[in-house]
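Enquirer: Below is one structure. I have some questions about it.
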Amino acid sequence: MADGIRLVMLGRQGAGKGTQCAQLARRYGIPHISTGDMLRAAVKAGTDIGARAKGYMDRGELIPDDVMIDVVDEQLDDPGVAGGGFILDGFPRTVRQAEALAGIVAPLGGLTAVVDLDVPVPVVLERLASRRVCVDCGANYSTDAPPADPWNCDACGGRVVQRADDTPEAIQRRLDLYEAETAPLVAWYADKGLLEIVDGLGTAEEVTARLVVVVDARTESP
Ligand code: AMP
């Protein structure tokens, strides 16, 4: 098992981050930490954070930085998680979050790499319209590739639905916010020598293979 790989996955909504992070997490034996999945679980469980987050999420807006930084800091505070490596999906989404993350991972030796999973807007729009997710485990499906039983997840049997924020208005809002707040992180991380741009078009298997090449190259000893 590769130890101590600390990855961040950037990419537009619908680029396939969730699917690819799950593959990489399995391959490298590291936890997949998705802030979106954590927030959806918090909404479902009716926690304080969930109650605060729900309105923002349904409108396709970003949860305030302070709240998100606390959530991730707490998650990575567990030495078992942070020390063994992780893949972050959906965080950071603003330069402020990226700065906070840099502080959190500095004692561990910083990030291994930041991947920008690149998929053009017209393609993500198509993918988001057909996206379906499991309410329990977050597994992703599409209307073109549904689970064997269309309403129940192949992995855990949970209900498979369209996400509340995959409406046309919320999708547009999220993509606008991605360009305004998150896309600047591509240059920010390139500047730090951490960025890898990976083409997110093609089958899930093809994209995973490209990602593995990039991550392996970053983690091979010189
Ligand atoms: P995702 O599943 O990554 O698309 O996230 C779903 C929603 O959760 C987003 O549209 C935001 O409302 C919220 N969210 C997730 N991660 C963050 C973050 N790092 N900063 C702010 N809001 C977030």
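Enquirer: Under a cut-off of 18 Å between alpha-carbon atoms, report the aspartates and glutamates in cross-link reach of Lys54, not counting same-chain residues fewer than 8 places apart.
Expert: Counting by Cα, and skipping residues close in sequence, Lys54 has these aspartates and glutamates nearby: Asp37, Asp65, Asp66, Asp70, Asp136, Asp165, Asp166, Glu169.
Enquirer: Right, next: So how many Å³ per residue does the convex hull of the Cα atoms of region 1-59 work out to?
Expert: Once divided by residue count, the hull of region 1-59 is 102 Å³.
Enquirer: Starting from the Cα-Cα distance between Val161 and Ala102, subtract it from 0.36 nm times their residue separation and give me the gain in nm to one decimal.
Expert: Additional length available on full extension: 17.7 nm.
Enquirer: Now, a different point. From the phi angles alone, apply the Karplus equation (6.51, -1.76, 1.60; θ = phi - 60°) to region 173-188 and give each ³J(HN,Hα) in whole Hz, x where the residue is Gly or Pro.
Expert: Karplus-based 3J(HN,Hα) across region 173-188 equals 4, 5, 5, 4, 5, 4, 4, 6, 9, 9, 4, x, 5, 4, 5, 4 Hz.
Enquirer: State the extension gain, in nm to one decimal, for the chain segment bounded by Lys192 and Cys137, taking 0.36 nm per residue of separation less the distance between their alpha-carbons.
Expert: 16.4 nm
Enquirer: For region 54-93, what class follows from the C-alpha gyration tensor (a ≥ b ≥ c being the square roots of its eigenvalues): rounded when a/c is under 1.5, otherwise prolate if a/b is larger than b/c, else oblate? Intermediate results must be reported in sequence, preceding the final value.
Expert: Numbers: a/c = 3.29, a/b = 2.28, b/c = 1.44.
Cα axes put region 54-93 in the prolate bin.
Enquirer: For a footprinting-style exposure proxy, rank Leu117, Leu76, Leu201 by other Cβ within 10 Å, fewest first.
Expert: Details: Leu117 24, Leu76 20, Leu201 13.
Exposure proxy ranking, most exposed first: Leu201, Leu76, Leu117.
Enquirer: Using only the Cα atoms, work out Rg/Rh for region 94-222, with Rh taken as the Kirkwood radius, to two decimals.
Expert: Rg/Rh for region 94-222 comes to 1.01.
Enquirer: If I take the Cα coordinates of region 169-217 and project them onto the principal axes, what are the three extents in Å, biggest first?
Expert: Cα spread of region 169-217 along its principal axes, largest to smallest: 36, 30, 10 Å.
Enquirer: Also: What is the extension gain from Asp78 to Ala204, computed as 0.36 nm multiplied by their sequence separation minus the C-alpha to C-alpha distance, in nm to one decimal?
Expert: 42.2 nm
Enquirer: Order these by the 10 Å Cβ neighbour count, fewest first: Lys17, Lys54.
Expert: Listed from fewest to most nearby Cβ atoms, that is Lys54, Lys17.
Enquirer: Now, a different point. Where both residues lie in region 93-222, what percent of DSSP beta bridges are antiparallel, nearest 5?
Expert: 55 percent
Enquirer: Short version: what are the Cα gyration tensor semi-axes of region 1-133, square root of 5 times each eigenvalue, largest first, in whole Å? Mind dumping the intermediate values first?
Expert: Details: eigenvalues 104, 76, 39 Å².
Values for region 1-133, descending: 23, 19, 14 Å.
Enquirer: Once you have the alpha carbon radius of gyration of the chain, what is it after dividing by 2.2 N^0.38 Å, with N set to its residue count?
Expert: Computed over Cα atoms of the chain, the ratio equals 0.97.
Enquirer: By a straight-distance test (C-alpha under 29 Å), which lysines pair with Lys192 as possible cross-link partners, with residues fewer than eight away in the same chain excluded?
Expert: Lys17
Enquirer: Can you give the local net charge around Gly158? Use residues other than it whose beta-carbon is closer than 15 angstrom to its beta-carbon, Lys and Arg +1, Asp and Glu -1.
Expert: +1
Enquirer: Identify which of Ala25, Ala98, Ala145 has the largest mean-square fluctuation in a Gaussian network model of the chain, with springs joining Cα atoms closer than 10 Å.
Expert: Ala145
Computed from the coordinates by the stated procedures, all read-outs in this text should not be read as laboratory data. Since this is a predicted model, take the numbers as computed values, not measurements. Counting neighbours? That spans all protein chains shown, and the Cβs are built from the backbone with ideal geometry, glycine included.
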